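Reviewing the structure listed below.
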Amino acid sequence: MKRFWIAFLCAVVVVVGLVWLRTVQTAAKKAAHPDPSTLPVQVSTAVATRTDVPLTVDGIGTVQALNTVNIHPMVDGPLVEIRFREGQDVKAGDVLARIDPRTYQASFDQAVAKLAQDQANLENAKRDLVRYEKLAKNQYTTAQQADTQRSTVAQDEAITRQDQAQIDSARTNLSYTTIRAPVAGRTGIRQVDLGNIVHSTDTTPITVVTTVKPIAVVFTLPQQTLPDVTAAIEDDRASGGPSVVALPQNGDSSAHDVLGRGNVLVLDNEVDPNTGTIKLKAIFPNPGLRLWPGAFVNVRLSLRVDHGVVTVPIASVQRGPQGAYVYTVNPDNTVSRHPITVARQTEDVAIVSTGLTQGQVVVSDGASRLTDGSHIHALQPSAPTAASG
């Protein structure tokens, strides 16, 4: 009997030792390989800030010369002089070319001589009229003869006016032999060479002058933007119109990539029913000639600025069945789920109208691994940057 109890106690000791050993091993294993669900989630955070955010809309536009003038001759004749270089900047009134003026000079001189002849006849008729009127008054001649002379004077006056019109016409034709730039701009490639006989009916221009400083951009926007666009035009009318930025089609909004800055000149007076778009025209000073007629550009139109709005990075905003929400960071390094209302968003930030206040810390990266009350290991918070949108 004594041996039985000794064996029983030994068995109990062995079992207790095995249980203790298994417990120690399990604890050591958990310490070496902890459950991931119990570890804090590493996330990035940002601070909700109050800032000014511009409202912009983007469209695609085509660069157009402010003026495009085809230089055609107004009279016929040999082209005796070319006074411009291809690609030259010219001012309004600069001489571009000359047509042989001799024929038109002769016509002008002939008209001047004809006027002098008819003016002499008119003066003689006036003197005769004075004599006839005196004779008719003293009844030395008939009143009919005086009236006839008065009609002769009127006819001669009409002839001199006709002669003056001929002189004006001849002077105009003579002035057309000197071809001048009607607008300031840049000449294109010369289409007609020196020595050719040109005609007023020619369809090929001598050259084309385009105004590239300033220059225009015509662009389209969806018709849904019409209320904001018209409001912006009315608000900014005194300052020259809403501001516009031209960007290359493969570029971004960085300062070095901006092709030009200008203002809206006009909003077209109808919506295109085929495309559902509105058309606008903007003017750019174009001092560096980075905008060139015919090029396609991206256009960013500034409509207004929302002042003092609360913003967070776009990545902070999560979407669920009940709408948008963010995870805010608590002092004990846990997170809470907060529903928010997003007024609008830009390329970088979301404008929060309700649900957040300035200074609250939100999770900006890693929110997909969180639930309400999760423990986190937060990186250094960063403030969002307001961007155009």
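All of the numbers you see were taken from the coordinates with simple rules; none came from a lab. Predicted, not measured: the structure shown is a model, and the values here were computed from it. Using ideal geometry, Cβ is built from the backbone for each residue, glycine included, and neighbour counts are taken over all protein chains shown.
In table form, for the structure just shown:
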read-out: Dipole in debye (nearest 20) - the chain, about Cα centre, beta carbon charges: Lys, Arg +1; Asp, Glu -1; value: 1560
read-out: All aspartates and glutamates inside 16 Å of LYS213 as judged from Cα atoms, apart from same-chain residues fewer than 8 positions distant; value: ASP89
read-out: For a label point 7 Å along the Cα-to-beta-carbon line of ASP100, residues of the range 187-205 with backbone N under 19 Å; value: 192-202
read-out: HN-Hα J in Hz across the range 237-243 - Karplus 6.51, -1.76, 1.60, θ = phi - 60°, x for Gly and Pro; value: 4, 5, 9, x, x, x, 6
read-out: Where labels lie 7 Å past Cα in the beta-carbon direction, separation of HIS199 and LYS91 in nm; value: 3.7
read-out: Residue (of THR148, GLN88, VAL342) at the positive-pole extreme of the chain, dipole from beta-carbon charges; value: VAL342
read-out: Excluding exposed DSSP-loop trypsin sites (Lys or Arg not before Pro) (at most 13 other C-beta within 10 Å), longest clean stretch of the chain; value: 238-389
read-out: Nitroxide proxy distance, nm - points 7 Å out along Cα→Cβ at ASP268 and GLN358; value: 4.3
read-out: Cα→Cβ-extended label distance, 7 Å offset, between GLN191 and THR142, nm; value: 6.6
read-out: Unit charges at the beta carbon, dipole of the chain: most positive-side option, ILE179, ALA324, VAL361; value: VAL361
read-out: Residue of ASP156, ASP257, ASP76 that the Gaussian network model of the chain assigns the largest fluctuation, springs spanning Cα pairs under 10 Å; value: ASP156
read-out: Long-range amide H partners of ALA97 with built H, under 5 Å; value: ARG83, ILE179
read-out: Kyte-Doolittle at least 0.0, axis length at least 15 Å by Cα - qualifying DSSP helices, the chain; value: 2-32
read-out: MRE, 222 nm, helices only [DSSP H, n ≥ 4, -39500 (n - 2.57), over the chain, to nearest 500]; value: -10000 deg cm²/dmol
read-out: At R0 = 25 Å, FRET efficiency that the Cβ-Cβ distance of ASP332 and ARG50 yields, to 0.05; value: 0.45
read-out: Which of THR207, LEU379, THR103, positive extreme of dipole for the chain (C-beta unit charges); value: LEU379
